[in-house]
Amino acid sequence: MIEALIITLREGLEAALVLGLILVYLKKVGRANLRKFAYIGLFLAIIASGIGAYTFQALSLGEEIADTIEAYVMLTAAFFVGTMVIWMFKTAKNFKKQIEQRVDTITSKKSNMAQGLGLMLLAFTMVFREGAEIILLIAGLSFSIGSNPFLIVSGGLLGLGIAALLGILIIKGLVRINLRLFFAGTGAVLIALIATLVANALHNFAEFNVISLSPAVLSFLGYLVRDDTSMLILVALLAVPTILFIIDPILKSRKTLVSKDESPVKRRLRIAETKRTKVLRTLMGLLLLTVILSFGFSAIASADGYNPEVVPVFAQNGNVTLLRSEFSDNLMHKYSIEVQGVPVRFFVIENSVGEVKVALDACYICPPAGYFQETPGGEIIVCHNCDAPINWDSIGLSGGCNPRILKFAVDESQVVINQTELEASVKYFVEENWEPVDTGAGVK
């Protein structure tokens, strides 16, 4: 939910800024009668974006095909974000002037119909561009983070609602935003977002054996594709503009408080009012920043999942034997046995109907960072290196980010693992000797 909220708020705010500039300038030049065409363009862009989002979601792709296109969607999203950042850095300084010049060009046409259509097309193009970016960004991040469709919709609507409210305040002059600072600050954060999208795409390519990556590269990519990293970047997309909102008045010259045409009384009153406005703005910004950071870091903390303590075990008569009476329903249990001075880790999960899953605490693709349970007793385990979610049915299948297979025997009272199997697995826990195995893509 939070990723949809932050993305739609950030992109929606940019759309609101563009529309606000158009509407304010039309009023300034005495052409307020043309504002309705800008609203029509906005309405059509919203409809087109909604249709695009629904179409994207409704594509009936098979699971295998859908998995293979995830990386391409993330790369496409990264490309669009990258071009947007480049455009922002190039146009931020004169963005307002460029919008006004385009409005002047449109309103200088002789035909009223041409003027109306031109303004409608301008508003539609600028807003729909943001809508397309929202679709791609949410799709790309949803592939890497995973989200409930209901939460995506509700978070997206909430973000758009807040953006619309801010847009109204901006248009009415109740809130002022330094566009140059806004674009520069959010642009820096978006560069980090591009890195996470590219990293997720590369990891997906490696998982499906499209490319081969070294353990060092996969370990580095793991830092970029984790949920907490993506969440930090998303929170920064809101926190940075808020910080800029707070410090913008501080950065402005104090010369604006001096006017030779004012009487001393009026000057003191104006200075006092300006100071009160700055204090109020600062307090509002600090409150909003506190809410953003609290909400974001609480979301990160809640995503830690369940990672059980590793219990050391020993082999007797060539086997490691575990009593099923010690297992809790649907709860992960981790164990390790020392082989040649190296702890070889594995885990056991027994569900409520008595089905047992046993696997090594190491991945086919990533370095041996191991797994944790997404929620205690849940059916999803997550790779520590890249946060790839693995469902219950995938445990025991080879390839991808699935846990490496460990042969075992089970009866009504115990789980038995041959010591030889564990000794043969030591190579998977020595990083300098580790290498991915091409066994086909795993099911997630």
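Computed values, structure above
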read-out	value
Selection within segment 9-30 - more than 31 Å from the chain's Cα centre (by Cα) and surrounded by 16 or more Cβ atoms within 10 Å (Cβ to Cβ)	23, 24, 25, 26
Checklist (1) in the same structural domain as residue 246 (by TED's automatic domain parsing); (2) under 35 Å from the mean Cα position of the chain (by Cα) applied to residue 352, failing item	(1)
Single condition residue 128 does not satisfy, out of (1) at pLDDT below 85; (2) among the hydrophobic types (A, V, I, L, M, F, W, C); (3) closer than 19 Å to residue 44 by Cβ	(1)
Some residue of segment 321-332 being touching a helix residue (DSSP H, G or I) at 6+ places or on another chain (Cβ under 6 Å), over 24 Å from residue 375 (Cα atoms) and assigned to a strand (DSSP E or B)	no
Where a residue in segment 1-18 is more than 21 Å from residue 197 (Cα to Cα) and among the aliphatic types (A, V, I, L, M) and its partner, wherever it lies, is modelled with pLDDT under 75 and surrounded by fewer than 24 Cβ atoms within 10 Å (Cβ to Cβ), with Cβ under 6 Å and at least six apart	13/166; 16/167
Long-range neighbours under 7 Å by Cβ, at least six apart or interchain, first residue farther than 20 Å from residue 404 by Cα within segment 339-358, second in a loop (DSSP other than H, G, I, E, B)	352/330
Residue, modelled with the lowest pLDDT, within segment 168-200, restricted to residues that are surrounded by 20 or more Cβ atoms within 10 Å (Cβ to Cβ), closer than 15 Å to residue 240 by Cβ and of a type in the set (Val, Ile, Thr)	186
Residue in segment 215-225 that is surrounded by the most Cβ atoms within 10 Å (Cβ to Cβ), counting only those that are modelled with pLDDT of 75 or more and of a type outside the set (A, V, I, L, M, F, W, C)	222
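Okay, residues lined up against (1) more than 25 Å from the chain's Cα centre (by Cα); (2) assigned by TED's automatic domain parsing to the domain that holds residue 332; (3) modelled with pLDDT under 90; (4) closer than 21 Å to residue 199 by Cα:
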{"site": "379", "(1), (2), (3), (4)": "no, yes, yes, no"}
{"site": "385", "(1), (2), (3), (4)": "no, yes, yes, yes"}
{"site": "404", "(1), (2), (3), (4)": "yes, yes, no, no"}
{"site": "410", "(1), (2), (3), (4)": "yes, yes, no, no"}
{"site": "423", "(1), (2), (3), (4)": "yes, yes, no, no"}
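The values are calculated or read from the model by the stated rules, or taken from the named source; none is laboratory data. What you see is a predicted model; the values in this text were computed from it and never measured. So basically every Cβ, Gly included, is an ideal-geometry build from the backbone, and we count neighbours across all protein chains shown.
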